[in-house]
Amino acid sequence: MWAARSQGATAAVMGDGADTSPDQQAFLESIAPWAKEAADKLGVAPELVSAHAALESGWGQRPLRNADGSSTYNLFGIKANAGWRGNVAESATTEYGGGAALKTSARFRAYPDQASAFRDYAQMLIDNPRFHGVLGAGNNAHAFAAGLAKGGYATDPAYAAKLARLAGKLQNVSG
């Protein structure tokens, strides 16, 4: 249901070292209040939510855009399904099927600001029974990532491993 972000940016998202770059640190600081709010609702560490936003948006460097070029503030790559009543932006995405990456276009949710995006993200995970494995994962990056993958958050078969690795990196930096 949700898009896996382009695999070409995985190395940039993951980084090679234990430290974050100044740009990555600035991104984390810019989302910190909203990540903490969402994490508190989900029963997870804020670093897990921050890692998810970083993975999906390439540390904020590949934001989903509205037709006029403005940001959708959709840092989580949440698609606009038939039940979505808010604004929508059409965007290119990479989906995986049969082990192959396929370029396609999809409709994504668009928000007026970051706070709205993080609140919708948390509520979507809470309301959708497919993602109940995410709730209450605490500091466990692997449980959080596995819960998202099991729920079908992304089609990338390596999604859980990528997210768990990045979340572990952020936990090591902040801890």
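A few remarks follow.
- Just one of (1) buried (at least 21 other Cβ atoms within 10 Å of the Cβ); (2) within 15 Å of residue 56 (Cβ to Cβ) fails for residue 141. It is (2).
- Tally, over region 36-52, of residues that are in contact with a helix residue (DSSP H, G or I) (Cβ under 6 Å, 6 or more places away or on another chain) and closer than 24 Å to residue 93 by Cα: 4
- Selected residue [of a type in the set (D, E, K, R), more than 21 Å from residue 109 (Cα to Cα) and modelled with pLDDT under 95] from 40, 16: 16
- Residue match in region 64-78 (condition: over 15 Å from the mean Cα position of the chain (by Cα) and hydroxyl-bearing (Ser, Thr, Tyr)): yes
- Any hit, region 29-40, residues being charged (D, E, K, R), open to solvent by 40 Å² or more (accessible area, probe 1.4 Å), out of contact with any Leu (no Cβ under 6 Å at 6 or more places or on another chain) and not in a helix (DSSP H, G or I): no
- Those residues of region 62-87 which are open to solvent by less than 70 Å² (accessible area, probe 1.4 Å) and closer than 18 Å to residue 125 by Cβ, in sequence order: 74, 75, 76, 77, 78, 79, 80, 81, 83, 84, 86
- Sub-6 Å Cβ pairs linking a first residue in region 152-175 that is in contact (Cβ under 8 Å) with a residue 60 or more places away in the chain to a second residue that is open to solvent by less than 10 Å² (accessible area, probe 1.4 Å) and not aliphatic (A, V, I, L, M), at least 6 apart or interchain, are 153/2; 154/2, ordered by first then second residue.
- Within region 43-61, tally of residues that are modelled with pLDDT under 95 and open to solvent by 30 Å² or more (accessible area, probe 1.4 Å): 1
The values are calculated or read from the model by the stated rules, or taken from the named source; none is laboratory data. In this text, all values refer to a predicted model and were calculated from it rather than measured experimentally. Because the Cβ atoms are built from the backbone with ideal geometry, glycine has one as well, and the counts that use them run over all protein chains shown. When the accessible area is computed, the model is the full protein with side chains, heavy atoms only, and any ligands, DNA or RNA have been set aside. Shrake-Rupley method; radii C 1.70, N 1.55, O 1.52, S 1.80 Å.
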